[in-house]
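The values are calculated or read from the model by the stated rules, or taken from the named source; none is laboratory data. Everything numeric in this text was worked out from a predicted model, so none of it was measured. When we count neighbours, we look across all protein chains shown, and the Cβ atoms used for this are built from the backbone with ideal geometry, even at glycine. Protein only, heavy atoms only, side chains kept; ligands, DNA and RNA dropped before computing areas. Shrake-Rupley method; radii C 1.70, N 1.55, O 1.52, S 1.80 Å.
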Amino acid sequence: MCEPGGVPESVCVLGLGLIGGSVMRAARAAGREVFGYNRSAAAVTAARADGFEASSDLAGVLDRAAREQSLIVVSVPMPAVGAVLGEIAERAPGCPLTDVVSVKGPVAEAVREQGLDARYVGGHPMAGTAESGWEAGDAALFQGATWVVGVDEGRDPAVWRQVAALALDCGSVVVPAESREHDDAAARISHLPHVLAEALAIAGARGGSLALSLAAGSFRDGTRVAGTAPALVDAMCEANANALLPVLDEVLDVLQEAREALAWHSSTSVIVAAGHEARLAYEKRGSGRKVIEGIVPGDPGWLDALREAGRDGAVLVALPEEEGDAR
């Protein structure tokens, strides 16, 4: 059951928390048929109350996905990914498969272990809030956001188009990236901020009631993601430990140098100037991103071309016309 161009009419979302629930809402708002699974009966009940087809029967949901050849979206915490992929391998191995997990290398490895690699293209929408659960979902969560779509070797161009089309339907722009490069980048701009937010929150709390009563915008903004459910933060950071550890070492070096400069020279100018410059560079880059054009999935060298475009920070805002299916 596919639309013209090979894009599946239906989307099967496994895991109905903040991200999975938002995917369901956004995909349905874009005209897709959606249905999903969640282990928790409470989330299923809440989703049904909002008019969505949801079930805690994973086997039944996957059997339907297999019948309809739905695009399956894995949206469970990393510790549960292996078990869910095992069920997919048993009941719906021919379906196109993606995920919205915040690390890509470990998911890709788990996909290969289950023999699902031929139909898999990884994904990661760079959007979220500190809230969690079905009730936190929002159809507008991905509007204008960046959605990473994997370009590891051997990706099927037809599945790649389906995954990119879902991201675009949800309101995002697509950035192509390899799993390893994604995880290295995510360690710096997603997982490290969570660790630093926890540290900042701890420092404020140790100041007692007076410190917390004085806390204003900088403390609030700097600690926002520390409000995320601890199990979710543990899952993403621990799964990306290989990339996160060297970045933590870099930051510890920066902080140690700043401490020494303050202790010996009563100066914070080096870290403040460098940080200010880095922030301005980030703001400037976000103001005018390059748009990917003329790269057709399936054409010779398409994966290499998309990798290079992604490394340059370019984004895909629309799928090109389909012109063949050779890798």
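Kindly identify the stretch 22-109 as rounded, prolate or oblate by the Cα gyration tensor criterion: order the square roots of the eigenvalues as a ≥ b ≥ c, call it rounded if a/c is under 1.5, otherwise compare a/b with b/c, prolate if a/b is larger, else oblate.
Numbers: a/c = 1.43, a/b = 1.34, b/c = 1.06.
Rounded.
Provide the gained length on full extension for the span residue 113 to residue 45, in nm with one decimal, where the gain is 0.36 nm per separating residue minus the Cα-Cα distance. Numbers along the way, then the final one.
Working: separation 68, 0.36 × 68 = 24.48 nm, distance 3.30 nm.
That pair, residue 113 and residue 45, stretches by 21.2 nm at full extension.
Solvent-accessible area per residue for the stretch 146-204 at a 1.4 Å probe radius, Å²? Please report the intermediate quantities before stating the final value.
On the way: 1830 Å² over 59 residues.
For the stretch 146-204, the per-residue accessible area is 31 Å².
Using r as the Cβ-Cβ distance of residue 318 and residue 259, and R0 as 41 Å, what FRET efficiency do you calculate, to the nearest 0.05? Present the calculation step by step, with values, prior to reporting the outcome.
Details: r = 49 Å, r/R0 = 1.19.
Rounded to the nearest 0.05, the efficiency is 0.25.
Just to confirm, what accessible area per residue do you get for the stretch 18-66 at 1.4 Å probe, in whole Å²? Please list the in-between numbers first.
Values: 1930 Å² over 49 residues.
I get 39 Å² per residue for this part.
Can you give me the solvent accessible area of residue 228 with a 1.4 Å probe, rounded to the nearest 10 Å²?
Answer for residue 228: close to 10 Å² accessible.
Taking a probe of 1.4 Å, how large is the accessible area per residue of the stretch 206-327, in Å²?
Working: 8510 Å² over 122 residues.
It amounts to 70 Å² per residue over the stretch 206-327.
Accessible area of the chain with a 1.4 Å probe: how many percent of it is carbon plus sulfur? Please list the in-between numbers first.
On the way: 8700 of 15920 Å².
Carbon-and-sulfur percentage of accessible area, whole number: 55.
What does the charge add up to near residue 45, with Lys and Arg as +1, Asp and Glu as -1, over the other residues with Cβ less than 14 Å from its Cβ? Kindly include the intermediate steps, with their values, before the conclusion.
On the way: positive: 39, 48; negative: 50, 53, 57, 135.
My count for the surroundings of residue 45 gives -2.
For a quick check of your reading of the filter: which trypsin sites (Lys or Arg not before Pro) in the stretch 184-293 sit in a DSSP loop and have no more than 16 other Cβ atoms within 10 Å? Show your work: numbers first, answer last.
Numbers: sites: 188, 206, 220, 224, 259, 279, 284, 285, 289, 290; in loops: 289, 290.
Those satisfying the criteria are 289, 290.
Post the alpha-carbon centroid distance, the stretch 64-117 to the stretch 188-256, in whole angstrom.
For the stretch 64-117 versus the stretch 188-256, the Cα centre distance is 30 Å.
Give, in nm to one decimal, the length gained when the segment between residue 296 and residue 241 is fully stretched (0.36 nm per residue of separation minus the Cα-Cα distance). Provide the component values of the computation, followed by the final result.
Numbers: separation 55, 0.36 × 55 = 19.80 nm, distance 3.45 nm.
Between residue 296 and residue 241, full extension yields an extra 16.3 nm.
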